[in-house]
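The values are calculated or read from the model by the stated rules, or taken from the named source; none is laboratory data. A quick note: this is a predicted structure, and the numbers were derived from the prediction, not measured. Neighbour counts are summed over all protein chains in view; Cβ atoms, including those assigned to glycine, are modelled from backbone coordinates with ideal geometry.
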Amino acid sequence: MKKNLISLLLSLVVFSGLVSTSFAGSKKSAEKLRIGVEGAYPPFSEVDKDGNMKGFDIDISYALCKEMGSECELVKQDWDGIIPALLAKKYDAIVASMSITAEREKKVSFTKKYYATPAKFVRKKGSGIEINKASLKGKTVGIQRGTIHDKYLTAVYGNDVTIKRYGKQDEAYLDMKAGRIDLLMADSLALSDGFLKKAGGDAYEFVGPDLTDQKYLGKGIGIAIRKEDTALVEKFNKAIDAIRSNGTYDTIRKKYFDFDIYGK
């Protein structure tokens, strides 16, 4: 009787193990996508007081991963090293408000754009500074180092202004408020929501035209991916189309901006 009971118990244990193994094997874990983000470019990406990432780029990253059925892992990276870290396979894609330029396309592939906005200058109200070579002569302009705005400013006004370069856009904002620089140049949305609409920003204003020269400022904002990962580029492109058509993109956009940012 005891032997029969022991045999029955052993059979149940073995059967249970086979069932568990079978079910475990049938579960397909979601593919993990590592996304490189900057975390210092509000309202697109920043770190909140609790150490969590937030912003338009962050929400777009999660929405695209969900659309692709992938698990999303965000990897914070300073701007200066954001493309080298992609090439070194620290992450699989960059979602960091990166403009699609011919120079960058030599190193990485890009998806289609997911937004496009012009660059602008900001001055202190009452300064009288205008955006022409005569007025800019001898002025100091704050810029984030290694950006398209840095390229544009250097090429167009480099002989007329002193360019002060910063590792992070927030550092330029602090120096502007401290009176160490005369002007800022950056993406118009970053300047509006990250500086002009913040405390003390009402003492400053946009000046000059919208800047859209594709030679320096690119063809919109895209997701950078290693050149060999062609299938991933197409996967992201389909996901961008999907979230734009199903309303997810617009829901995220309205959270941050009360106007269209996709461009023509």
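Descriptive notes on the structure:
- Which numbered condition Glu171 fails, given (1) surrounded by fewer than 20 Cβ atoms within 10 Å (Cβ to Cβ); (2) at pLDDT below 95: (2)
- Selected residue [under 19 Å from Ala40 (Cα atoms) and part of a loop (DSSP other than H, G, I, E, B)] from Ala199, Ala224, Ala190, Ala186: Ala199
- Index of the failed condition, Ala242 passing every other in (1) outside any loop (DSSP other than H, G, I, E, B); (2) in contact with a strand residue (DSSP E or B) (Cβ under 9 Å, 6 or more places away or on another chain); (3) of a type outside the set (Asp, Glu): (2)
- Scanning segment 127-146 for residues that are in a loop (DSSP other than H, G, I, E, B) and either basic (Lys, Arg) or in contact with a helix residue (DSSP H, G or I) (Cβ under 9 Å, 6 or more places away or on another chain) (or both) gives Gly128, Ile129, Glu130, Ile131, Lys137, Lys139, Arg145, Gly146.
- The strands (runs of 3 or more DSSP E) found wholly in segment 31-78 and carrying at least 1 residues that are under 20 Å from Ser99 (Cβ atoms) and touching a helix residue (DSSP H, G or I) at 6+ places or on another chain (Cβ under 8 Å) occupy 31-37, 45-47.
- Condition met for Asp50 (exposed (fewer than 10 other Cβ atoms within 10 Å of the Cβ) and either closer than 29 Å to Asp250 by Cα or modelled with pLDDT under 95 (or both)): yes
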